[in-house]
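The values are calculated or read from the model by the stated rules, or taken from the named source; none is laboratory data. No experiment lies behind these values; they were computed from the predicted model shown. All Cβ positions, even for glycine, are placed from backbone atoms using ideal geometry, and neighbour counts span all protein chains on display. What goes into the accessible areas is simple: the full protein's heavy atoms, side chains included, and nothing from ligands, DNA or RNA. Shrake-Rupley method; radii C 1.70, N 1.55, O 1.52, S 1.80 Å.
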Amino acid sequence: MRIGITINGVLRDTLQKVILTYNRYNEADIKIEDLKSLNLLEYLKFETEEELLEWMYVECPMEIFGNGLALRDNIFNTLNTFYKDFRDEHEIIIVSEEIEKSKSATLFFLAKYGCLIDNIKFFGLNSFYDNVWEDVDMIITTDPQLISKKPKNKKSIKIEDRFNKEINSDFTISELEQIFDLNIFKNEEEEITE
């Protein structure tokens, strides 16, 4: 099985880093708790989406993506353990929506935290949601749009957050560490040891 793991919201706290970076350069005081949606144009003072994307992906990608914050202290230990435990049975792929300089910044982020996964695939902003499901059979994500676009013959594992609570998924966990508690992985592990 090909298992995709998204970076944003699973491994990297990109939203928090966007807000921190925006506040620093704009003398603003936006708090992450104040965000009611993922539509950043509602909260950041950019005239157009193009201006926002230019700022994120061309002007500040290393600060936002490369020097991004790991979602939890031991998240990469969990990721690497998952990879080592299941890499022989599954193809595990890091998938992310990246353009311009955010690609190299994201590779820096993954290297900085010692990511062991060999297969990393970047999708452009206009192709991520339409094409990622062609490359994976199952996805581990927080992304509500990605979960809602899941084809019937695929599986989703949602790491629940305040933006995706209303979205249905095949499996729901509250943090990546709970991945080992899912029966789909326990059963396969039991089969391997028999």
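Here the sum of -39500 (n - 2.57) over DSSP H runs of 4 or more residues, divided by the residues of the chain, equals -10000 deg cm²/dmol at 222 nm, to the nearest 500. Here Lys101 is the anchor, and the aspartates and glutamates within straight C-alpha reach of less than 16 Å, apart from those fewer than 8 places off in the same chain, are Glu50, Glu51, Glu54, Glu59, Glu63. Modelled this way, with points 7 Å down the Cα-to-C-beta line, the labels at Asn183 and Lys112 are 4.1 nm from one another.
Accessible area ranking (1.4 Å probe, heavy atoms, ligands and nucleic acids excluded), largest first, for Lys121, Lys36: Lys36, Lys121.
Taking the Cα centre as origin and putting +1 on Lys and Arg beta-carbons and -1 on Asp and Glu beta-carbons, what dipole magnitude results for the chain, to the nearest 20 debye?
Working: 23 positive and 39 negative charges, 24 e Å.
With only Lys, Arg, Asp and Glu charged at Cβ, the dipole is about 120 debye.
Too long at a 24 Å Cα-Cα cut-off: which of Lys17/Lys103; Lys36/Lys112; Lys84/Lys149; Lys121/Lys154? Walk me through the numbers on the way to the answer.
Numbers: Lys17/Lys103 16 Å; Lys36/Lys112 31 Å; Lys84/Lys149 29 Å; Lys121/Lys154 18 Å.
From the list (Lys17/Lys103; Lys36/Lys112; Lys84/Lys149; Lys121/Lys154), the Cα-Cα distance tops 24 Å for Lys36/Lys112; Lys84/Lys149.
Using only the heavy atoms of the protein chains and a 1.4 Å probe, how would Leu44, Leu116 rank by accessible area, largest first? Numbers along the way, then the final one.
Values: Leu44 5, Leu116 75 Å².
If we order Leu44, Leu116 from most to least accessible, we get Leu116, Leu44.
Given a 1.4 Å probe, how much area per residue of the chain is accessible, in Å²? Write out the running numbers ahead of the final one.
Numbers: 10290 Å² over 194 residues.
With the other protein chains kept in place, the chain gives 53 Å² per residue.
Given the options Asp143, Asp13, Asp85, which has the most mean-square fluctuation in a GNM of the chain, springs set between C-alpha atoms less than 10 angstrom apart? Residue with maximal mean-square fluctuation among Asp143, Asp13, Asp85: Asp85. For the chain, a Gaussian network of Cα nodes joined below 10 Å ranks Glu100, Glu166, Glu33 by mean-square fluctuation, and the top entry is Glu33.
In the chain, the inverse of the mean reciprocal separation of distinct Cα atoms equals 17.5 Å; this is its Kirkwood hydrodynamic radius. Farthest toward the positive end of the dipole of the chain, out of Val132, Phe65, Tyr22, is the Cα of Tyr22, where the dipole comes from beta carbon charges about the Cα centre.
Calculate how many DSSP beta bridges within the chain are antiparallel, expressed in % of all such bridges and rounded to the nearest 5. All intermediate terms of the calculation are to be shown ahead of the outcome.
Working: 1 of 22 bridges.
Antiparallel: roughly 5 percent of the beta bridges in the chain.
Note on the chain: with neighbouring protein chains present and a 1.4 Å probe, carbon and sulfur make up 44 percent of its accessible heavy-atom surface. Counting only alpha carbon atoms, the long axis of helix 75-86 and the longest principal axis of the chain meet at about 30°.
Database remark: amide H of Ser156 closer than 5 angstrom to the amide H of Ile139, Asp170, Phe171 (H placed geometrically; neighbours at sequence offset of 5 or more, or on other chains; Pro and chain starts carry no H). Compared with the direct C-alpha span, the chain from Glu47 to Asn119 gains 22.3 nm at full extension, assuming 0.36 nm per residue.
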